[in-house]
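All of the numbers you see were taken from the coordinates with simple rules; none came from a lab. Given the structure is predicted, the values throughout are model-derived calculations rather than measurements. Cβ atoms come from the backbone with ideal geometry, glycine included; neighbour counts cover every protein chain shown.
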Number of protein chains: 2
Amino acid sequence: MFSFTLLHKDNSSKARRGRIHTPHGVIETPVFMPVGTQATVKSLTPENLKEIGTEILLSNTYHLHLNPTSELIEKAGGLHTFMNWSGPILTDSGGFQVYSLASNRKITEEGVRFRSHIDGAEIFMRPEDSIAIQHRLGSDIIMAFDECPPLPSSYDYMKKSIERTHRWAKRCQDAHGCVKHQALFAIVQGGTDESLRRMSAEVLTSMDFPGYAIGGLSVGEKKVDMLRTLDYLPDLLPEEKPRYLMGVGTTRDILESVLRGVDMFDCVLPTRLARHGVAMTSQGDLSIKKSIYTEDFGPLDPDCSCYTCTHYSRAYIRHLFRRKEILSAHLLSLHNVYHLIDFVKKIRVAIENDSLADFADRYRRNFR
Amino acid sequence: MFSFTLLHKDNSSKARRGRIHTPHGVIETPVFMPVGTQATVKSLTPENLKEIGTEILLSNTYHLHLNPTSELIEKAGGLHTFMNWSGPILTDSGGFQVYSLASNRKITEEGVRFRSHIDGAEIFMRPEDSIAIQHRLGSDIIMAFDECPPLPSSYDYMKKSIERTHRWAKRCQDAHGCVKHQALFAIVQGGTDESLRRMSAEVLTSMDFPGYAIGGLSVGEKKVDMLRTLDYLPDLLPEEKPRYLMGVGTTRDILESVLRGVDMFDCVLPTRLARHGVAMTSQGDLSIKKSIYTEDFGPLDPDCSCYTCTHYSRAYIRHLFRRKEILSAHLLSLHNVYHLIDFVKKIRVAIENDSLADFADRYRRNFR
């Protein structure tokens, strides 16, 4: 039911134009996936998301496991029915949130024991549990349960960690079994150490997953270290499988990653910035809080064709934000998610025309 | 530019079916007007409002005067352009908010001196100021600046108050002058004292306003006192002018008021209840917080055809509300406003069929 087709390779860079088939529809790549942490992309309806061109959503296993529970979502008919989204969904494994949100965590070979960040309840999650939860959710792409070690970690710890992550990947693969309507991706770890990254890529690609994610980047390391890792890592992953860089969601990072051969991206940034009054624009971020926008009756981004930019002024959105009106989060989220989706669409056209290097030059000149 | 046509009188009650023409479109009556206090109906876009049948919005002079100011809205091209609502708008005079929100207020013949509830800034508002602000906003129906005395007030205070409100109504009329694209309504006051209400209705109707509001009800008096007032007051107002009961927004109160000859209603209740997790339904209010809805996969109201009820379950909306997700306020607001608008539409049909008394009997039997 899941397949990836490599449609074209840009001859000016390592960028790829591809197409993923899933049981809930087709995804063109490179793709940006908006994040619906709690089974909702904050402040947007599924209809809003479709209108702005969303092809696939990401949702979070850790959060849904805590509330409302995967058992309840399964009773509702699965995550697609529960949240009224008929397109493809990718769920992460919960691994990242266990490390970034939960407390009192204790990692053993068997799994991770931790306390809920909401009510402190003790939870034990093994790779098999993560897969069982994702089976109940019914997402189209599911992720292997991994450890995302903090940076910096010692070489020894990092090596032990990725070796365990590889064993967990195998257990996830076994637990997933012959389920055909959900595709299980593995996650390459190894921080910013090239030898560990190479080891992780080699072990995991030998296990033949239908797709590969790059985890443990965009988690606080220096930008130069992220790009240096992306200079070689995508080349180590199978050409005929999609490559997903987790947690990246600025136009700059997406472009640099696509140039290096990455196909899929997700990030909470567009909706989070929106709730803080920041618009992502073709000239860089714009904080609507600034008093210079008080009587600015122009759109957030003059180059944007989204609903927000064609119907509302900076002055109006600034007024809504200052009055703490819900509509400001809605209008800014709609714009920001559109901005990223429109950006990857432009990238796709540039790849098809073998001109992504030129596109990147123009982008770097214009973007503040 | 403004006109009211009485289309039909129900022969089973005093209910009326009418039509208001304004420069921004036609309004069928009886009508419910959603409230956009800060130039936004909380959590809903103008497109959402149109889709659920909204014919006219109400916005608040007091709030817009403080933020973003009527001068800024005038520069934006008026309130319609500023908030992207092309239909009719009614603005209140600010009188009610001056009494319910502002502090340190001092009422003189000239006007009211008060402090902003936001930053404490001292403001002096005269009837002429309220009209000037509403002129800058450009709303289709504007209201005379009145005093809404607290209940209970002494007969002597109430009498002095309504006499001043009448003089202020004259000053508003003079300040409004020959402006044709905005219709100025007067507000009948007098609390629950019949002699004062009769005096107020007599004085104001003699001044020939294009419409009349009933103020000072639904402000904390007993329900029986409200209904007793409505038993005689609408009859004292001109038959050929619309009658607007301010601040009423439950189906029960709307129905009882329509039966007594009222045409227009507004209330923040549907959106406020929504933000507190309450759905207005055909069987009464439903608090989505209750644990009995945890695994309830049915709609908020099985009798409702709104977007929320046709796409989402109680279990999902409960999950969103508990996680403090913005979408819960949006989905509940959409449902609640639809509920009231759909209700007045059904009332219109019943009036056209001379059967509102039967409709009311059925309603009273079913509604908890």
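Some points to look at:
- For segment B:130-167 versus segment B:303-345, the gap between their alpha-carbon centres in whole angstrom: 35 Å
- Over segment A:185-274, the pair-distance histogram of Cα-Cα distances with 5 Å bins from zero comes to 3, 15, 28, 26, 17, 8, 3, 1, 0 percent, rounded to whole numbers.
- Other copies of A:Asp174: label-to-label distances in nm, shortest first, labels 7 Å along the beta-carbon direction: 9.2
- Helix-only CD estimate at 222 nm, as mean residue ellipticity for chain B, using -39500 (n - 2.57) per DSSP H run (n ≥ 4): -12000 deg cm²/dmol
- Segment B:127-200 shape via C-alpha gyration tensor axes, a/c threshold 1.5: prolate
- Label 7 Å beyond Cα on the Cβ vector: B:Thr81 copy-to-copy distances, nm: 5.0
- Considering the rotation that superimposes chain B on chain A, the residue of B whose beta-carbon lies nearest the axis, and that distance in Å, is B:Ile326, 3.
- Ratio of the Cα radius of gyration of the protein assembly as shown to 2.2 N^0.38 Å, where N counts its residues: 1.11
- On the principal axes of its alpha-carbon atoms, segment B:268-368 has extents of 47, 23, 21 Å, going from largest to smallest.
- Burial order of peptide ranges A:158-168, A:18-28 (average beta-carbon count within 10 Å, highest first): A:158-168, A:18-28
- Cβ-defined net charge surrounding B:Ile123, 15 Å radius [Lys, Arg +1; Asp, Glu -1]: -1
- Taking every DSSP bridge with both residues inside segment A:3-267, close to 45 percent are antiparallel.
- The spacing between segment B:209-241 and segment A:18-41, judged by their C-alpha centroids, is 56 Å.
- Shape of segment A:1-156, Cα gyration tensor, a/c cut at 1.5: oblate
- Additional length obtainable on full extension of the chain from A:His8 to A:Arg198, 0.36 nm per residue less Cα span: 65.8 nm
- Angstrom value of the Kirkwood radius, inverse mean 1/r, which spans all Cα pairs in chain B: 21.0 Å
- Less than 5 angstrom separates the built amide H of A:Ala213 from those of A:Ala186, A:Ile187, A:Val188, A:Tyr244, all sequence-distant by 5 or more or on a different chain.
- Shortest-first distances to equivalent copies, position A:Asp235, nm, label 7 Å out along Cβ: 9.3
- Normalised contact order of segment A:3-267, rounded percent, pairs of Cα under 8 Å and 6 or more residues apart: 18 percent
- Against the main long axis of the alpha-carbon atoms of chain A, helix A:127-137 sits at an angle near 50°.
- Dipole moment magnitude, nearest 20 debye, the protein assembly as shown about Cα centre, only Lys, Arg, Asp, Glu C-beta charged: 940 debye
- With the alpha-carbon atoms of segment A:194-339 aligned to their principal axes, the span from lowest to highest coordinate is 58, 27, 24 Å, starting with the largest.
- Segment B:328-341 - phi-based ³J(HN,Hα) in whole Hz, Karplus 6.51/-1.76/1.60, Gly and Pro as x: 5, 4, 5, 5, 6, 5, 4, 5, 5, 5, 4, 4, 6, 5
- Angle in degrees between helix B:356-366 and the longest Cα principal axis of chain B, rounded to the nearest 10: 50 degrees
- Number of partner chain Cβ atoms within 10 Å, mean per residue of A:320-333: 5
- Extending 7 Å from the Cα toward the beta-carbon at both A:Asp285 and B:Ser154 defines two label points whose distance is 6.1 nm.
- In this structure the amide hydrogen of B:Cys267, modeled in the peptide plane, comes within under 5 Å of the amide hydrogens of B:Met33, B:Val35, none closer than 5 places in sequence on its chain.
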